[in-house]
1. How high is the FRET efficiency from residue 251 to residue 210, r the C-beta distance, R0 41 Å, rounded to 0.05?
2. Just order 87-95, 196-204 by mean Cβ neighbour count inside 10 Å, highest at the front, would you?
3. Give the shape of the stretch 113-248 as rounded, prolate or oblate, defined through the alpha-carbon gyration tensor: a ≥ b ≥ c are the square roots of its eigenvalues, a/c under 1.5 means rounded, and otherwise the shape is prolate if a/b is larger than b/c and oblate if not.
4. Using Cα atoms only, what is the angle between the long axis of helix 123-137 and the major principal axis of the chain, expressed in degrees (0 to 90) to the nearest 10?
5. Mind ordering 251-261, 38-48 by average Cβ neighbours within 10 Å, highest first?
6. Please list, by residue number, everything in the stretch 30-62 whose backbone N is under 18 Å from a paramagnetic label point 7 Å out along Cα→Cβ of residue 11.
7. Going from the alpha-carbon gyration tensor of the chain, what semi-axes, largest first and in whole Å, does one get by taking the root of 5 times each eigenvalue?
8. Between residue 96 and residue 135, what's the calculated FRET efficiency when r is the beta-carbon distance and R0 is 41 Å? Round to 0.05.
């Protein structure tokens, strides 16, 4: 654990408020965890004990955090015994939560146009970032793209917000993002109605191409999702000369920097170094991961 994070990571017994299930074994978990919610930032995560009989915690990205109410939302998909056990949690149950952990996104105030790309369980940090940006500077210049190869973990709705460069038939969005006044579109290779039929990065390319040079120079990209998606996003950003930050997802044991089990190669001015995704990340510049 880095010195800067020693006083900001909390372990608390979080009360389950709501636990919604969606197709393809996806769940949205809402808990009351005031200490974690107070300092959570977009890109940070929590380490959750899924069951009393499973000692190893599981890292979950934070999708929303309300500092006033102490409420936190997580989106996850069952992978393995731990998350399957977590899926049985019911309102009123308590879960041991350690968080918030990690360094979040750092938006550049000089870049007014923000493109957020989330794939699968990489969607939560984009939802959190969009809400955070809206609270700090309003919705102008923001655009969110979400991709999934299983049904989306929310009831998608037609957007009332137009987006330049996006075909009219690509119309559906996430209700919560729409309520913020932030335009968003969905992408999938599964042929879902109202969704872009292709990769999220293809849709992102269409949006970036539609910007004039001035607006493109004032853009930056944030992304979280599967590794191939992140690599494609980094290449897209490089092609347009746009700064990009990636939120990585790695298996981890301790989540506080002690085991180094989540270390990845990071390229910097001094060459290649091994950095821990949990406390050195999970957010890194795209050029540091895919030079």
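Every number here is computed from the coordinates shown, using simple stated rules; none is lab data. Values in this document were obtained by computation on a predicted structure and should not be read as measured data. Cβ atoms come from the backbone with ideal geometry, glycine included; neighbour counts cover every protein chain shown.
1. 0.60
2. 196-204, 87-95
3. Rounded, since a/c falls under 1.5.
4. 70
5. 38-48, 251-261
6. The answer is 33-37, 45-60, whose backbone nitrogens lie closer than 18 Å to the label point.
7. 29, 23, 17
8. That pair, residue 96 with residue 135, gives E of 0.90.
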